[in-house]
Protein chains: 4
Amino acid sequence: MTRAATHRCGAGRAGRAVGRGGSVADGRSRRREDTRQRLFEAAVQLIAEQGFSATTVEDIAARAGVAKGTVYYNFESKTVLFEELLRHGIGLLTAEFRAAVDGLPPREALAALVRAELEYIRRYRAFAQLLLSEMWRTNREWQQTLRLLRGEAIEVIAETVRAGVASGDLPADLDVPTASSALFGVGLVVAVDWLVFQPDRPIADVQDALLGIVRRVAQT
Amino acid sequence: MTRAATHRCGAGRAGRAVGRGGSVADGRSRRREDTRQRLFEAAVQLIAEQGFSATTVEDIAARAGVAKGTVYYNFESKTVLFEELLRHGIGLLTAEFRAAVDGLPPREALAALVRAELEYIRRYRAFAQLLLSEMWRTNREWQQTLRLLRGEAIEVIAETVRAGVASGDLPADLDVPTASSALFGVGLVVAVDWLVFQPDRPIADVQDALLGIVRRVAQT
Amino acid sequence: MTRAATHRCGAGRAGRAVGRGGSVADGRSRRREDTRQRLFEAAVQLIAEQGFSATTVEDIAARAGVAKGTVYYNFESKTVLFEELLRHGIGLLTAEFRAAVDGLPPREALAALVRAELEYIRRYRAFAQLLLSEMWRTNREWQQTLRLLRGEAIEVIAETVRAGVASGDLPADLDVPTASSALFGVGLVVAVDWLVFQPDRPIADVQDALLGIVRRVAQT
Amino acid sequence: MTRAATHRCGAGRAGRAVGRGGSVADGRSRRREDTRQRLFEAAVQLIAEQGFSATTVEDIAARAGVAKGTVYYNFESKTVLFEELLRHGIGLLTAEFRAAVDGLPPREALAALVRAELEYIRRYRAFAQLLLSEMWRTNREWQQTLRLLRGEAIEVIAETVRAGVASGDLPADLDVPTASSALFGVGLVVAVDWLVFQPDRPIADVQDALLGIVRRVAQT
DNA sequence: CATGAATGAGCGTTCATTCAT
DNA sequence: AATGAATGAACGCTCATTCAT
């Protein structure tokens, strides 16, 4: 509808001219990479709002400002687009988890993880919403992919928890996988609940509350 | 809809209707009520697994063992079926919440709520999964309905929390709506995570863990 | 909706008691004949407004104040109901045509036919509308029936025209079938146009206009 | 819809679009326009034979030689397709009416109108049949549209009749709207009756008969 | 005589996908 | 690299018809 404005015709092109439409390192042209990025952004927003099945390829193309065929030029299928989206989004989260705990002692690392999760959710709220909706579904095509990715993110938490147990900062009889998984889920649901139902409240409050819970639980 | 009443002309007929599989108190025949129940059960299972949009009316009918048309004889539309399902399911939960806290002092009431929520989720796991997936979506037809119902369930928690604050059992500066909402969400996500990812683990563990968290947090 | 009132429960029944629900001359009970009549009336109105295909059996039953199953208890199928309707309606028209021309000399008979047609259309406007819409369709199930019935009605006109030609009141080279058919059609379209687009105008005007045309044409 | 324009960034591209089956003046490709035309033709034939409701979209697509989905790529809905058809068809008739009367004195103009109507009906017999069946229906979605279009066509007749009254060629007390409307309807019903029931008879006969009637009536 | 619950074929419509340009 | 016209399987929904009561 009002897409025209977002489809840059001016300066954007000059920049592209530098590369002469040529391919970048990974074998894809800059223009194409840009289109893919726009499609990702459109898809994540729409799927967060409506869910995967209720979001049409036409919707995604329209919000990205391209024609429907372009989606298929850039992605094998709607499902593949979504899987790549999941990979991309959870990969980013995992990376931030790793960056957050890097070199920190268990206690602080745990707090840093909570902070990183909230920070991530704040920045990519649509993706977080989408995760919350899809993570506990069964019988979907991309289930396999999602479980795998979830495992990678939670593994970072698990490593930290394990270190805490080893160092005596956390109770010795703690069920590590369960605790890690719960920690991840609690952060997700509390943060999304906050974004959806009380968007005006400062994130610091939420962070404090969550850190408080984690600390108290950990102390036992 | 309400035609039945306008057709009967004498009192004598009412007796027959009751005695021969005729209409029950709310104006629907026993057979029909049975069909509706079967459709509810089929729908909740399928939607929990695949989501609303990915579940077809044909699927629902097949699992309920009736013809497709029967769904539409009993429900206005797929959306309405789902809304009535939400109403039915959350209504049940709210009722169990009320029964759980009945007459208990704040502390014990809070524990009873956690127990009730877990018990409910264990019994109606598919519905819980479905709730987890739909509750934080935006832009869906039934959003309005869902928010309202969520409010009713959470209000029971809020009343308990408020009583706890009043009695000094809970910190005076507690943000009641946020705490209630978080409590609800945490229970949901932890329990569903457990059901989906570690179904073999006894529910008692999960209950203990959750009660532990709540108790510790409350003590502060 | 507001059907309740039309479904008589009071005095109507007392009357029926006289017959003790027994069968009348043609082998059908009075009650059943009454139901059939009500279904005819409902059907003719709805089909005139919306057409045959767009009118549902449910619609007809509802307007007649009976259950859907009752339609099938009284008529073999929707098509058969419509065919019987056509037979009934056109049979009535043909009878009135015959009554109108009875014993009259050609000239006056022609005028009487026009008057009879208009009178009929005024009385059974819905049926006339329905005829206008269906008469020139091809490829419909009841086409055969309709052509036959149309033929019977037009035959009365044709007999009169033929008599006029024989008596010298009408031109000898007149194409009798065409003239009869046109006369019938013109009356129908002019009268229905009047009913639909200028219902406030007195029928006398229309009658005068039509008679004027016919007379002038005949004089030639 | 109007996206094409917002996508092109330079003038250079426009040339290509025109030269290579691209978009034509009104923004639709030649191929698409061709498909639309084929769908119009298929729809008018089938609806004339069976009526709107009894004609399926699949039928229309099949007769046009395209897939069902193509109908919806080119028209918003079955109803919209029909409305555009009505607009197209009656627009054409109105244009021919205007061309027929252009510059002629009242008397001759009236005869020209009759000739134009018959000529049109002969050429587009299916459309005429369809008009005859739908024009006097009530309670249909496109009623509004149809009335409006009918009004435009009849207005041309009315202007001519009014001119005739002004010039003294027609009786001063003539009810112009009624006369115009009747003239239109009579032409329609007589011509369609002829096409359906006596297709072998030369059109000239029908034209003569109609012109005769009109002339005689007008002379009075 | 009448009902209303149930049926399933078939409808209008949507949408992921293909492909010539 | 991108497009948009076309496709057809599959969807939500309707409705003429059946039948146990």
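The values are calculated or read from the model by the stated rules, or taken from the named source; none is laboratory data. Bear in mind the structure is a predicted one, so any value in this text is a computation, not a measurement. Glycine gets a Cβ as well: all are built from the backbone with ideal geometry, and neighbour counts include every protein chain shown. Just the protein is used for accessible areas: all its heavy atoms, side chains included, with ligands, DNA and RNA removed. Shrake-Rupley method; radii C 1.70, N 1.55, O 1.52, S 1.80 Å.
Among the residues of segment D:177-194, those that are open to solvent by 20 Å² or more (accessible area, probe 1.4 Å) and more than 8 Å from every other protein chain (Cβ to nearest Cβ) comprise D:Ala179, D:Leu183. Confirm whether A:Ala5 is small (Gly, Ala, Ser) and either modelled with pLDDT of 95 or more or in the same structural domain as A:Glu134 (by TED's automatic domain parsing) (or both). The answer is no for A:Ala5.
For every residue, the table says whether it meets (1) near DNA strand F (Cβ under 8 Å from one of its atoms); (2) more than 14 Å from chain A (Cβ to nearest Cβ).
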residue: B:Arg32; (1), (2): no, yes
residue: B:Arg38; (1), (2): no, yes
residue: B:Thr55; (1), (2): yes, no
residue: B:Tyr72; (1), (2): yes, yes
residue: B:Leu110; (1), (2): no, yes
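Annotation note: of C:Leu110, C:Leu132, C:Leu170, the sole residue that is crowded, with 22+ Cβ neighbours inside 10 Å and in contact with a Phe, Trp or Tyr (Cβ under 6 Å, 6 or more places away or on another chain) is C:Leu132. From the list D:Val192, D:Val156, D:Val165, the one residue that fits, being without any contact (Cβ under 8 Å) to a residue 60 or more places away in the chain and of a type in the set (Val, Ile, Thr), is D:Val165. A:Ala166 meets the stated requirement of being farther than 30 Å from B:Arg137 by Cα, at pLDDT 90 or above and more than 9 Å from chain B (Cβ to nearest Cβ). Residues that are within 6 Å of DNA strand E (Cβ to nearest atom), part of a helix (DSSP H, G or I) and surrounded by fewer than 16 Cβ atoms within 10 Å (Cβ to Cβ) within segment B:49-75 comprise B:Lys68, B:Gly69, B:Tyr73, listed in sequence order.
Here D:Arg31 qualifies as over 18 Å from D:Arg125 (Cβ atoms) and not assigned by TED's automatic domain parsing to the domain that holds D:Glu155.
Among the residues of segment C:48-71, those identified as out of contact with any helix residue (DSSP H, G or I) (no Cβ under 7 Å at 6 or more places or on another chain) and within 28 Å of D:Glu49 (Cβ to Cβ) are C:Glu49, C:Gln50, C:Ser53, C:Ala54, C:Thr56.
Would you please name the residue that is farthest from the other protein chains (Cβ to nearest Cβ), looking only at residues in segment A:118-139 that are assigned to a loop (DSSP other than H, G, I, E, B) and in contact (Cβ under 8 Å) with a residue 12 or more places away in the chain? Walk me through how you get there before you give the answer.
The initial filter retains those residues of segment A:118-139 that are assigned to a loop (DSSP other than H, G, I, E, B), namely A:124, A:135-139.
Cutting the leftovers down to in contact (Cβ under 8 Å) with a residue 12 or more places away in the chain gives us A:124, A:135.
Working: A:Tyr124: 15, A:Met135: 9 Å.
Ranking the candidates gives A:Tyr124 first.
Checked against (1) part of a helix (DSSP H, G or I); (2) open to solvent by less than 70 Å² (accessible area, probe 1.4 Å); (3) at pLDDT 95 or above, D:Gln37 passes all but a single condition, namely (2). Do we have B:Ala126 as away from DNA strand F (no atom under 16 Å from the Cβ), farther than 29 Å from A:Leu46 by Cα, in the same structural domain as B:Asp208 (by TED's automatic domain parsing) and open to solvent by 10 Å² or more (accessible area, probe 1.4 Å) here? Criteria not met by B:Ala126.
Across segment D:195-212, the qualifying residues are those that are free of Cβ contacts under 8 Å to residues at least 12 places away in the same chain and within 7 Å of chain C (Cβ to nearest Cβ), and the one among them that is surrounded by the most Cβ atoms within 10 Å (Cβ to Cβ) is D:Phe197.
In segment D:76-102, what residues are within 14 Å of another protein chain (Cβ to nearest Cβ) and either open to solvent by 20 Å² or more (accessible area, probe 1.4 Å) or farther than 23 Å from D:Leu148 by Cβ (or both)?
Applying the first criterion (within 14 Å of another protein chain (Cβ to nearest Cβ)) to segment D:76-102 yields D:78-79, D:82.
Once the filter is applied, which keeps residues that are within 14 Å of another protein chain (Cβ to nearest Cβ) and either open to solvent by 20 Å² or more (accessible area, probe 1.4 Å) or farther than 23 Å from D:Leu148 by Cβ (or both), segment D:76-102 yields D:Lys78, D:Thr79.
Any idea how many residues of segment C:102-117 are without any contact (Cβ under 8 Å) to a residue 60 or more places away in the chain and not acidic (Asp, Glu)?
5
Evaluate the following for B:Arg16: is it assigned to a helix (DSSP H, G or I), open to solvent by 50 Å² or more (accessible area, probe 1.4 Å) and either away from DNA strand F (no atom under 13 Å from the Cβ) or modelled with pLDDT of 95 or more (or both)?
Details: assigned to a helix (DSSP H, G or I): yes; open to solvent by 50 Å² or more (accessible area, probe 1.4 Å): yes; either away from DNA strand F (no atom under 13 Å from the Cβ) or modelled with pLDDT of 95 or more (or both): no.
No: the conditions fail for B:Arg16.
Given the criteria open to solvent by less than 40 Å² (accessible area, probe 1.4 Å), at the interface with chain C (Cβ under 10 Å from one of its Cβ atoms) and either part of a helix (DSSP H, G or I) or more than 23 Å from C:Asp200 (Cβ to Cβ) (or both), does D:Leu149 qualify?
On the way: open to solvent by less than 40 Å² (accessible area, probe 1.4 Å): yes; at the interface with chain C (Cβ under 10 Å from one of its Cβ atoms): no; either part of a helix (DSSP H, G or I) or more than 23 Å from C:Asp200 (Cβ to Cβ) (or both): yes.
Spelling it out, it is not the case that D:Leu149 is open to solvent by less than 40 Å² (accessible area, probe 1.4 Å), at the interface with chain C (Cβ under 10 Å from one of its Cβ atoms) and either part of a helix (DSSP H, G or I) or more than 23 Å from C:Asp200 (Cβ to Cβ) (or both).
The residue of segment D:19-34 that is nearest to DNA strand E (Cβ to nearest atom), among those that are at pLDDT below 65 and surrounded by 14 or more Cβ atoms within 10 Å (Cβ to Cβ), is D:Gly22.
Looking at segment C:40-53, which of the residues that are among the hydrophobic types (A, V, I, L, M, F, W, C) and more than 13 Å from DNA strand F (Cβ to nearest atom) is modelled with the lowest pLDDT? I'd like the intermediate steps shown before the answer.
Taking segment C:40-53 and keeping what is among the hydrophobic types (A, V, I, L, M, F, W, C), we get C:40, C:42-44, C:46-48, C:52.
Still in the running and more than 13 Å from DNA strand F (Cβ to nearest atom): C:40, C:44, C:48.
Numbers: C:Phe40: 97, C:Val44: 97, C:Ala48: 94.
Once the filter is applied, the top-ranked residue is C:Ala48.
For segment C:76-113, residues that are away from DNA strand E (no atom under 15 Å from the Cβ) and not in a helix (DSSP H, G or I) total 4.
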